[in-house]
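Presented below is the structure to which this report refers.
The values are calculated or read from the model by the stated rules, or taken from the named source; none is laboratory data. Remember, it's a predicted structure, so these values are computed and weren't measured experimentally. Don't worry about glycine lacking a Cβ; one is built from the backbone with ideal geometry, like all the others, and counts go over all protein chains shown.
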Amino acid sequence: MLSEPNKIVDINDEYKQRLHKLEQIKSIGAQAYPAISHRNLSVALFLEQFSDLLKKNKSVVLAGRIVSLRRQGGSCFLHFVDQSGRLQAFLRKDNLGEDVYKAFTDIDEGDIVEFKGKAFLTKTKEKTLLVSDFSLLAKALLPLPDEYYGIKDPDLRYRKRYLDLLVNPEVKKIFDLRSQIIRLSRQYFDDNDFMEVDTPVFQAVAGGATAQPFVTHHNALDIDLYLRVAPELYLKRLIIGGYERVYEIARCFRNEGIDHQHNPEFTQLEAYWAYKDYEFLMKFTEKFFEWLVKKINNNKAKIKSAEAMLDFKAPYPRLDFKELLEKEFKFDLDKTSDDELFKLAKQKGLAIDKSWGRGKVLDELYKKFVRPKIIQPVFLINHPLALSPLAKKITDRPDYVERFQLVAMGAELCNAFSELNDPLDQAERFKEQKKLRSQGDEEAQGADDDFVEALKHGMPPTAGIGIGLDRLVMLLGNIDNIKEVILFPTMRPKK
């Protein structure tokens, strides 16, 4: 057992004792890992129907993992859990018979057991299952962490999530919330006549986002492939192909650093709507976020975060990227040369890489000095062209694009824009990305010539959005580390 958090006491001895019990069980011809269970009721339903079951004196079969055992001579109280809840059970030698009760001595905490019995109220009025028979469903050869101490070390929790889920009930609530958010997001887009699709995870060109990709090799074809950094370019191929509303809940992969907001693999919802622009999409997005927050928050648009009460009631303020940076750094962005911009960034303490272009420097200045100050939901709009190789230019501001990000609590929740559908312009922007990559920028997008060819067949005006579902769960669950919302986050291997 874990007498202190993360300190396993006599684990080898415990394992040997349980292994011996397993041999004892097998020696009498019993099964320690049968293929079937006869459970006909969950713990939650048993508790819900308790009065009726008690009145009718009806036998039921429940099953779950034993989390506590208190043996007292010829009787035993225990607690077991299934996904729906926790229940006390009572076993008595007089009720089971001596042979069956003796067999129960080989049962340990952590074992998964099936119990047949009836509803029973103890003297303290605790709802209990009075057991008339039992069957072992799975013998646990290693002990559970101590129920009182649980597992507190984050590193151990992330590496052994199965134990984390077993002994830290609040963790399950996080992933219940995650499941609810994904389910509701899918419902919202389905209700707005979007079609859910699947696009390739293996891609010949790593495009659709500014990120360094993971590379792998396909032996049969003898070619290198990339794990997708985004599904964008394939979803837009579907718009070209005639679909007008498509979305994907996509697992994406970016070979980047790991911190409290970044994990190398993550989940996002990406959607495209033909014949719409970013102005329309902003209104659609704020309606979606208000609806979602109300759905998970008892019909309230305000939700508590670590530092503030966030108000997701639409509409949201709009802040222009250029104006926001100029206000922060006291310069005229359009009149500031690259050399002056780089000098400012160095003065601010940014470690400038020689491969960085103007757009990258602006983005890093924004992320480090401006975005952390944005608390309430805000649309950051009209980004520089250099930052947005897939977005449509603003007609009277050709150095800027029709793009927005929803930002709250210093985090980007979504990224969206009016999609670039001019194939010649797109080809030129890919050339610029290729140039940046040749200069050492490993996050520059790959030039997808096949996508340019697809654009030459014509794509209608289209608005597209990507919503980071992991960060959304973090925000709505008041959680400050992305590892808490991913069941099995990427971890450095232990030596």
Apart from one, (1) touching a residue at least 60 places away in the same chain (Cβ under 8 Å); (2) buried (at least 21 other Cβ atoms within 10 Å of the Cβ); (3) touching a Leu at 6+ places or on another chain (Cβ under 8 Å); (4) over 28 Å from residue 261 (Cβ atoms) all hold for residue 399; the odd one out is (2)
Open item on the list: Could you go through region 409-424 and let me know if any residue there is assigned by TED's automatic domain parsing to the domain that holds residue 357, more than 31 Å from the chain's Cα centre (by Cα) and assigned to a helix (DSSP H, G or I).
Closed with: yes
Picked from region 82-108 (must be charged (D, E, K, R) and touching a residue at least 40 places away in the same chain (Cβ under 8 Å)), the residue surrounded by the fewest Cβ atoms within 10 Å (Cβ to Cβ) is 86
The condition of being in contact with a Leu (Cβ under 9 Å, 6 or more places away or on another chain), under 23 Å from residue 408 (Cα atoms) and in the same structural domain as residue 185 (by TED's automatic domain parsing) holds, among 230, 204, 250, only for 250
Filter region 481-495 for residues that are under 15 Å from residue 168 (Cβ atoms) and aliphatic (A, V, I, L, M); the one that is surrounded by the most Cβ atoms within 10 Å (Cβ to Cβ) is 485
Checked region 148-198 for anything closer than 18 Å to residue 84 by Cβ and touching a Leu at 6+ places or on another chain (Cβ under 9 Å); matches are 165, 166, 167, 171, 172, 175, 177
| Is region 171-182 home to any residue that is within 30 Å of residue 432 (Cβ to Cβ) and touching a Gly at 6+ places or on another chain (Cβ under 9 Å)? | no
### Message
Any residue that is surrounded by 14 or more Cβ atoms within 10 Å (Cβ to Cβ), of a type in the set (A, V, I, L, M) and modelled with pLDDT under 95 - is there at least one of those in region 33-41?
### Response
no
Condition set at pLDDT 95 or above and in contact with a Phe, Trp or Tyr (Cβ under 7 Å, 6 or more places away or on another chain), scope region 96-115, selection farthest from residue 34 (Cα to Cα): answer is 115
